[in-house]
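Asker: Quick one: the structure is below, and I'll ask about it shortly.
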């Protein structure tokens with residue numbers, strides 16, 4: 001899950017411990033959350049649009065997907081008048097902090113790792129805020145960079 005640290009950083013999650021991942025307004029990213037994420041799934045918490053983009057923490061999905069109620073609030077930046085309680089257009093999940101990493105696992109370092117070839121994040125033009133990560137890629141990142 002990618003976020004700009006000026007919007008919501010790993011330090012915010014450290015302070016809150018659990019948050020809802022609201023505001024996803026791309027259908028493909030929404031579908032990953034709505035259809036594919038399950039309670040207990042591991043999450044790589046990634047900072048984008050920063051001097052050193054990369055993985056900064058680990059989290060876990062701790063809820064089933066549910067309608068993103070911010071889409072119904074006209075005062076929210078994520079308001080969508082086409083989304084209703086009866087026919088929600090956008091969904092979110094809750095995530096819980098596992099840990100903040102001691103150091104950023106930089107995008108540059110990830111791109112140089114031959115064991116991560118094919119990882120969605122590393123594909124040219126991959127900009128989704130929610131992306132799948134294979135079990136193999138996740139396990140390699142944990143073993144190679146966090147232990």
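The values are calculated or read from the model by the stated rules, or taken from the named source; none is laboratory data. Model, not experiment: these values are computed from the prediction. Cβ coordinates were reconstructed from backbone atoms using ideal geometry, including for glycine residues, and neighbour counts include every protein chain displayed.
Asker: Restricting to the range 13-37, name every residue that is touching a strand residue (DSSP E or B) at 6+ places or on another chain (Cβ under 7 Å), more than 28 Å from residue 81 (Cα to Cα) and surrounded by fewer than 15 Cβ atoms within 10 Å (Cβ to Cβ).
Answerer: 14, 17
Asker: Hey, another quick one. Any residue at all in the range 69-79 that's free of Cβ contacts under 8 Å to residues at least 40 places away in the same chain and in contact with a helix residue (DSSP H, G or I) (Cβ under 9 Å, 6 or more places away or on another chain)?
Answerer: The answer is yes; a qualifying residue exists.
Asker: Moving to a separate point now. Report every pair of residues separated by at least 6 positions or lying on different chains whose Cβ atoms are under 8 Å apart, first residue within the range 123-147 and in contact (Cβ under 8 Å) with a residue 60 or more places away in the chain, second in a helix (DSSP H, G or I) and surrounded by fewer than 15 Cβ atoms within 10 Å (Cβ to Cβ).
Answerer: 128/28; 128/120; 131/120; 132/36; 132/120; 133/120
Asker: Here are some conditions: (1) touching a strand residue (DSSP E or B) at 6+ places or on another chain (Cβ under 7 Å); (2) crowded, with 16+ Cβ neighbours inside 10 Å. Residue 66 meets all but one. Which one does it not meet?
Answerer: If we test residue 66 against (1) touching a strand residue (DSSP E or B) at 6+ places or on another chain (Cβ under 7 Å); (2) crowded, with 16+ Cβ neighbours inside 10 Å, just (2) comes out false.
Asker: Could you count how many residues in the range 76-95 are under 24 Å from residue 15 (Cβ atoms) and buried (at least 16 other Cβ atoms within 10 Å of the Cβ)? Even if it seems obvious, please write down each step before you answer.
Answerer: Quick first cut of the range 76-95, residues under 24 Å from residue 15 (Cβ atoms) only: 76-78, 92-95.
Next cut, buried (at least 16 other Cβ atoms within 10 Å of the Cβ) only: 78, 92-95.
So the count comes out to 5.
Asker: A follow-up question, please. Are any of the residues in the range 116-130 in contact with a strand residue (DSSP E or B) (Cβ under 6 Å, 6 or more places away or on another chain) and either modelled with pLDDT of 95 or more or under 19 Å from residue 2 (Cβ atoms) (or both)?
Answerer: Looking only at the range 116-130, we keep the residues that are in contact with a strand residue (DSSP E or B) (Cβ under 6 Å, 6 or more places away or on another chain), and these are 129.
Retained after the next criterion (residues that are either modelled with pLDDT of 95 or more or under 19 Å from residue 2 (Cβ atoms) (or both)): 129.
Yes, the range 116-130 has at least one match.
Asker: May I pose another question? Answer yes if at least one residue in the range 48-56 is in a strand (DSSP E or B), surrounded by 21 or more Cβ atoms within 10 Å (Cβ to Cβ) and modelled with pLDDT of 95 or more, and no otherwise. Break it down stepwise before answering.
Answerer: Let us first name the residues in the range 48-56 that are in a strand (DSSP E or B), namely 54-56.
Next, only the ones that are surrounded by 21 or more Cβ atoms within 10 Å (Cβ to Cβ) stay: 55-56.
Those left that are additionally modelled with pLDDT of 95 or more: 55-56.
Yes; the residues of the range 48-56 include at least one that is in a strand (DSSP E or B), surrounded by 21 or more Cβ atoms within 10 Å (Cβ to Cβ) and modelled with pLDDT of 95 or more.
Asker: So which of 25, 38 ends up being out of contact with any helix residue (DSSP H, G or I) (no Cβ under 6 Å at 6 or more places or on another chain) and free of Cβ contacts under 8 Å to residues at least 40 places away in the same chain?
Answerer: Result: 38 is the single residue among 25, 38 that is out of contact with any helix residue (DSSP H, G or I) (no Cβ under 6 Å at 6 or more places or on another chain) and free of Cβ contacts under 8 Å to residues at least 40 places away in the same chain.
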